[in-house]
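Just below is one structure, and these are the notes that go with it.
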Amino acid sequence: MDKRAVDNSNIIETNNDACHCKLYAIERGYWNDPYLKILVGSTQQERRTPEISLGYYVRVHGVRYLIEKFIKLTNNDCQIINLGCGFDTTVFYLLDNENLRFKHFVDIDFEEITELKSNKIHRLSSLRNKLPMDNKSLKIPCGFHSSLYTILPADLRNTTQLDNQLKLLATNSIIDFTKPTLFLSECVLIYMSNEHSLNLLKYLSQTFSQCCLFLNFEQINMNDRFGEIMFENLKQRSCHLIGMESCQSLNSQCERYKNTNYTSSFCLTLNEYYKKYLNINEKRRIERIDGGLDEKELLEQLFEHYCFSWAYRDENNLGLNKITFE
């Protein structure tokens, strides 16, 4: 097995870790998601600390909040492309909400992931029946296509391959490079070299230049002792955070958008989001689920090392500057 395949398998394993952390939090009642268990399968979940469950809750809650603002701003006339999707269930969450419509949703990941996810959707009627099919369904090797949802295999480090796959969709009138487009990226860029992530960001801002928003969730403040420990723990599991250079500070997060043709960008830590924007009653509810927090120092340390960042191009003056947590 070559080095690249080994690296991919370790990155792919992060999907399994995230799924099991989310499933534990879902089963404990932090938020509702009936679809992840169907995708992953029924397995006993290892106990997680309250801090981990709260972290995943904030991640899901914050990302969904900004997705909803984007959809509403575009009056449902938009497309969403989920980069490094894993077994993420956002498309099913949106399909269950009649007020959150979109033109098309695309999940993209390594073909090992997309083949698994596609096969499960084909096989499981509880998932397949959620997805309207048309008579001209495109046949995508290691992927899936329906009238509202496509699963597309691609290595995001290879923008030529990604371009070919997206052009396949555009040629078949599945996506439109001029339509308002939201890109989702959760703990994806940090597993790429900075060269690869900058190439990806630049490719997307140029290809969808009329109106696009890139929403990113990942690590930040990785240059302190807590960040070093996080880095070493993942390294021992052969998960190398080779994109750490852009995860040193709020400024470094925003700088890469500036260097890749985005008009403007925003970034805030999970601490800031949790303290300023999360509803106080909801905060009390989730903090009580696992018996409460003895002290919040560990939670605050963890939350200071993850962030939401987003950047946009808005040549159509749609008003993407209004996409905030305010």
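Listed conditions (1) hydroxyl-bearing (Ser, Thr, Tyr); (2) surrounded by fewer than 22 Cβ atoms within 10 Å (Cβ to Cβ); (3) out of contact with any Ser or Thr (no Cβ under 9 Å at 6 or more places or on another chain); (4) not in a helix (DSSP H, G or I) are all met by Tyr93, apart from (4). Take Glu326 and tell me if it is open to solvent by 30 Å² or more (accessible area, probe 1.4 Å), part of a helix (DSSP H, G or I) and either in contact (Cβ under 8 Å) with a residue 24 or more places away in the chain or not basic (Lys, Arg) (or both). Taking the combined requirement at face value, the residue does not satisfy it.
The sole residue among Leu156, Leu182 that is in contact (Cβ under 8 Å) with a residue 12 or more places away in the chain, touching a Phe, Trp or Tyr at 6+ places or on another chain (Cβ under 8 Å), open to solvent by less than 60 Å² (accessible area, probe 1.4 Å) and not small (Gly, Ala, Ser) is Leu182. Within the range 118-131, the set of residues being touching a Phe, Trp or Tyr at 6+ places or on another chain (Cβ under 6 Å) and either among the small types (Gly, Ala, Ser) or in a helix (DSSP H, G or I) (or both) comprises Ser118, Ile121. Here Ala170 meets each of (1) under 26 Å from Leu100 (Cα atoms); (2) within 20 Å of the chain's Cα centre (by Cα) with one exception, condition (2). Taking the condition among the hydrophobic types (A, V, I, L, M, F, W, C) and surrounded by fewer than 11 Cβ atoms within 10 Å (Cβ to Cβ), does Ile280 pass? When the stated conditions are applied, Ile280 passes them. If you check Glu272, Glu245 for being touching a helix residue (DSSP H, G or I) at 6+ places or on another chain (Cβ under 7 Å), surrounded by fewer than 18 Cβ atoms within 10 Å (Cβ to Cβ) and closer than 29 Å to Tyr191 by Cβ, only one passes: Glu245. Comparison of Leu201, Leu162 shows that the only residue that is at pLDDT 95 or above, open to solvent by less than 30 Å² (accessible area, probe 1.4 Å), closer than 20 Å to Ile323 by Cβ and in a helix (DSSP H, G or I) is Leu201. Scanning the range 224-242 for residues that are free of Cβ contacts under 8 Å to residues at least 40 places away in the same chain and either surrounded by 15 or more Cβ atoms within 10 Å (Cβ to Cβ) or touching a Leu at 6+ places or on another chain (Cβ under 7 Å) (or both) yields Phe231, Leu234. Can you tell me which residues in the range 96-117 are open to solvent by less than 10 Å² (accessible area, probe 1.4 Å) and within 15 Å of Leu148 (Cβ to Cβ)? Hits for the range 96-117 are Leu100, His104, Phe105, Val106, Asp107. The residues of the range 86-108 that are in contact (Cβ under 8 Å) with a residue 60 or more places away in the chain and under 17 Å from the mean Cα position of the chain (by Cα), listed by number, are Gly86, Phe87, Asp88, Thr90, Tyr93, His104, Val106.
The values are calculated or read from the model by the stated rules, or taken from the named source; none is laboratory data. These numbers were taken from a predicted model, which means no experiment stands behind them. We place every Cβ from the backbone using ideal geometry, glycine too, and count neighbours over all the protein chains shown. The accessibility values were calculated without ligands, DNA or RNA, using every heavy atom of the protein model including side chains. Shrake-Rupley method; radii C 1.70, N 1.55, O 1.52, S 1.80 Å.
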